[in-house]
Amino acid sequence: MAEGVFSRAVAEAEQISGAEATAGDDFVLFAYPDYQTYCKVQEAGNKAKIRAQYVKKSHIAYLAGYLTETCGLISFGLCHGVRRGKEQAWFRRKLPGAPEVIGTDISETATQFPNTVQWDFHEPNPDWAGRADFVYSNSWDHAYDPGKALRAWVECLKPGGVLLLDHTAGHQPRATSALDPFGATEAGLLRILVESCGDLGQVQEVLERMADADYPCRVIVFARNP
Ligand SMILES: C[S@@+](CC[C@H](N)C(=O)[O-])C[C@H]1O[C@@H](n2cnc3c(N)ncnc32)[C@H](O)[C@@H]1O
């Protein structure tokens, strides 16, 4: 995908939003004037980059193997901020036992893709509460309120279920913009996760994947209390 598409999407987000950034030691967070503006910016960015794909199939295959090894047979999973719905399609293909795996996206384009629902991932969904074997996201950097989003995700996990959060160079504080409003160091993301969800579970491990040529990252694994 041409670099110009990305910079145009960010420039458009800046123009629409007038978002203001707050920087801490381990994070940056842009604040929007109101919720409608946040939704408008995210949907415009989604449409501008609708043909792009960030996470790689090989990474989802690795995570599917990890889940099978550590959690056994998966019956229900959620992926948040999926754009074209590729990650849940790849999880469905790689996980044994034909599990139900659903993706969310805030944009109206969600309904164009299989097993994808239009949903703001900050919002708790009673249909999913306490049911998921796993929740996966590489889109936590699009949260306007990261603690609220992370708590909503952990509340979907069943006892012993795991939240998998990718942390790549694109998630660092320096990579934020009006379109990608939140960025954190790994330590910052861990801190916010523990502050918002520490009563519900704990960090189980961090998977080291920085040497992967396709998709260098580390994956935070947070397990809900049994
Ligand atoms: C950087 S893209 C990543 C897409 C996909 N996961 C990938 O790897 O290619 C972020 C996606 O998150 C979506 N998004 C942003 N804010 C969201 C929200 N609050 N709830 C659900 N989806 C959101 C955007 O519309 C966009 O499609």
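The values are calculated or read from the model by the stated rules, or taken from the named source; none is laboratory data. It should be emphasised that the depicted structure is a prediction, and the values quoted were computed from it without experimental measurement. Ideal geometry is used to build each Cβ from the backbone, glycine not excepted, and the neighbour counts take in all protein chains shown. Ligands, DNA and RNA are excluded from the accessible area calculation, which covers all protein heavy atoms including side chains. Shrake-Rupley method; radii C 1.70, N 1.55, O 1.52, S 1.80 Å.
Got a sec to turn the phi values of segment 15-22 into Karplus ³J(HN,Hα) couplings, 6.51 cos²θ - 1.76 cosθ + 1.60 with θ = phi - 60°, whole Hz, x for Gly and Pro?
Here the 3J(HN,Hα) series is 5, 5, 8, x, 5, 10, 9, 10 Hz.
Through the Karplus equation 6.51 cos²θ - 1.76 cosθ + 1.60, θ set to phi - 60°, convert the phi angles of segment 159-172 into ³J(HN,Hα) values in whole Hz; use x for Gly and Pro.
The phi angles translate into x, x, x, 10, 9, 10, 10, 6, 10, 10, 4, x, 9, 6 Hz.
With θ taken as phi - 60° and the coefficients 6.51, -1.76 and 1.60, list the Karplus ³J(HN,Hα) couplings across segment 117-133 in order, rounded to whole Hz; mark glycine and proline as x.
Working through the residues one at a time gives 10, 7, 7, 7, 5, 6, 8, x, 10, x, 5, 9, 4, x, 10, 7, 6 Hz.
How much of LEU73 can a 1.4 Å solvent probe reach, expressed as accessible area in Å² and rounded to 10?
Rounded to the nearest 10, the figure is 130 Å².
Mind putting a number on the dipole of the chain about its Cα centre? Charges go on the C-beta only, +1 for Lys and Arg and -1 for Asp and Glu, and I need it in Debye to the nearest 20.
Numbers: 22 positive and 29 negative charges, 163 e Å.
The dipole of the chain has a size of about 780 debye.
May I ask you to list the lysines whose Cα is less than 16 Å away from that of LYS56, ignoring any residue fewer than eight positions away on the same chain?
LYS86, LYS94
Roughly how compact is segment 79-226, stated as its Cα Rg over 2.2 N^0.38 Å to two decimals? Please report the intermediate quantities before stating the final value.
On the way: Rg = 14.5 Å, N = 148, 2.2 N^0.38 = 14.7 Å.
Scaled against compact globular proteins, the figure is 0.99.
With every protein chain left in place and a probe of 1.4 Å, what is the accessible surface of ILE50, to the nearest 10 Å²?
Per-residue accessible area (ILE50): approximately 40 Å².
Can you find, among GLN15, ALA175, ALA52, the residue farthest towards the positive end of the dipole of the chain? Put +1 on the C-beta of Lys and Arg, -1 on that of Asp and Glu.
Looking along the dipole axis, the top candidate is ALA52.
Assign one of three labels to segment 19-60, namely rounded, prolate or oblate, based on the Cα gyration tensor with a ≥ b ≥ c the square roots of its eigenvalues; rounded applies when a/c is under 1.5, prolate when it is not and a/b is larger than b/c, and oblate otherwise. It would help to have the intermediate numbers written out before the result.
Values: a/c = 3.69, a/b = 1.35, b/c = 2.74.
Oblate, since a/c reaches 1.5 and b/c is not below a/b.
Which percent of the accessible heavy-atom area of the chain goes to carbon and sulfur, probe 1.4 angstrom? Walk me through the intermediate numbers first.
Values: 5150 of 9930 Å².
Solvent-exposed carbon and sulfur of the chain make up 52 percent of the total.
How much of the pair distance distribution for segment 12-165 lies past 27 Å, counting alpha-carbon pairs only, in percent?
Values: 2763 of 11781 pairs.
Result for the distance tail: 23 percent.
Less than 9 Å Cβ to Cβ from PHE113, Lys/Arg counted +1 and Asp/Glu -1: what total charge do the surrounding residues give? Can you show the working numbers first?
Numbers: positive: ARG83, ARG84, LYS86; negative: ASP105.
Summing Lys/Arg as +1 and Asp/Glu as -1 gives +2.
Long-range amide H contacts for THR116: which residues qualify at under 5 Å (H placed 1.01 Å from N, peptide plane, sequence gap of 5 or more or a different chain)?
GLY103
Just reorder CYS71, CYS156 by solvent-accessible area, largest first, 1.4 Å probe, all chains present. Walk me through the intermediate numbers first.
Details: CYS71 50, CYS156 5 Å².
Most to least solvent-accessible, the answer reads CYS71, CYS156.
Keeping every protein chain in place, order HIS167, HIS142 by accessible area at 1.4 Å, biggest value first, i.e. largest first. Let's see the in-between values first.
On the way: HIS167 10, HIS142 40 Å².
Order by accessible area, largest first: HIS142, HIS167.
Please give the helix 57-71 orientation as an angle from the longest Cα principal axis of the chain, in degrees from 0 to 90, rounded to the nearest 10.
Once rounded, the angle reads 40 degrees.
Rounded to the nearest 10 Å², what accessible area does TRP90 have for a 1.4 Å probe in the complete protein model?
In the full protein context, TRP90 sits at about 30 Å².
What does the accessible area per residue of the chain come to in Å², with a 1.4 Å probe and no ligands, DNA or RNA counted?
Values: 9930 Å² over 226 residues.
Roughly 44 Å² per residue, with all protein chains present.
If amide H atoms are built 1.01 Å from N in the plane of the peptide, which residues on other chains or at least 5 residues away come under 5 Å of the amide H of VAL82?
THR104, ASP105
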